[in-house]
1. Evaluate the following for residue 32: is it assigned by TED's automatic domain parsing to the domain that holds residue 124, in contact with a strand residue (DSSP E or B) (Cβ under 7 Å, 6 or more places away or on another chain) and either closer than 27 Å to residue 144 by Cβ or surrounded by 15 or more Cβ atoms within 10 Å (Cβ to Cβ) (or both)?
2. Mind listing whichever residues of segment 80-134 are more than 18 Å from residue 15 (Cα to Cα), touching a strand residue (DSSP E or B) at 6+ places or on another chain (Cβ under 7 Å) and in a loop (DSSP other than H, G, I, E, B)?
3. Does residue 65 satisfy being in contact with a strand residue (DSSP E or B) (Cβ under 7 Å, 6 or more places away or on another chain), at negative phi and assigned to a helix (DSSP H, G or I)?
4. All but one of (1) under 19 Å from residue 124 (Cα atoms); (2) surrounded by 19 or more Cβ atoms within 10 Å (Cβ to Cβ); (3) under 14 Å from the mean Cα position of the chain (by Cα) hold for residue 54; state the number of the condition that does not hold.
5. What number of residues within segment 95-118 are surrounded by fewer than 17 Cβ atoms within 10 Å (Cβ to Cβ) and touching a residue at least 40 places away in the same chain (Cβ under 8 Å)?
6. Restricting to segment 135-153, give me the number of residues that are part of a loop (DSSP other than H, G, I, E, B) and more than 15 Å from residue 98 (Cβ to Cβ).
7. Please specify each residue of segment 54-66 satisfying the condition of being modelled with pLDDT of 95 or more and more than 19 Å from residue 131 (Cα to Cα).
8. Which one of these is under 17 Å from residue 148 (Cα atoms), within 18 Å of the chain's Cα centre (by Cα), buried (at least 16 other Cβ atoms within 10 Å of the Cβ) and modelled with pLDDT of 95 or more: 92, 69?
């Protein structure tokens, strides 16, 4: 088993069936940087776009390029948090998404999950870490819903 095969399995476990192939297609040349101990660290496209970072906890931290791939490869509403026009310019510029502005969220999201932040028109605004559950994002009128890590702005 190659290193990428193992990473695909981790992605399938973290994001659901098909996520590994969506993130790291078997027919594409990818660059994997490793730590001094040989553990995978960063996964980039051949063009240099960061797909993800493989954390010491065994979970992926998405880059914007990886978010775009998951958005195309996972059925809606998987790992998606949707905001409207009021929040869009702020999230696009890399600011965090707040529960008050969340219009829809995948009910399966748990705190600390990696998520995609989309505009209500379906465009990807950012990727980040959920601070609340999907249900909590919809129920609460205050508080941070998503800590934005990488944005399109």
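The values are calculated or read from the model by the stated rules, or taken from the named source; none is laboratory data. Not measured: the values here are computed from a predicted model. Cβ coordinates were reconstructed from backbone atoms using ideal geometry, including for glycine residues, and neighbour counts include every protein chain displayed.
1. Here the answer is no, as residue 32 does not meet what is asked.
2. 84, 87, 93, 94, 95, 96, 120
3. Details: in contact with a strand residue (DSSP E or B) (Cβ under 7 Å, 6 or more places away or on another chain): yes; at negative phi: yes; assigned to a helix (DSSP H, G or I): yes.
When the stated conditions are applied, residue 65 passes them.
4. (1)
5. Initial filter on segment 95-118 (surrounded by fewer than 17 Cβ atoms within 10 Å (Cβ to Cβ)): 95, 100, 103, 107-108, 110-112.
Then keep just the ones that are touching a residue at least 40 places away in the same chain (Cβ under 8 Å); that gives 95, 100.
Total meeting the criteria: 2.
6. Initially, segment 135-153 is screened for residues part of a loop (DSSP other than H, G, I, E, B), giving 140-143, 152-153.
Of the ones still in play, those that are also more than 15 Å from residue 98 (Cβ to Cβ) are 152-153.
Total meeting the criteria: 2.
7. 54, 65, 66
8. On the way: 69 fails: under 17 Å from residue 148 (Cα atoms).
Answer to the selection: 92.
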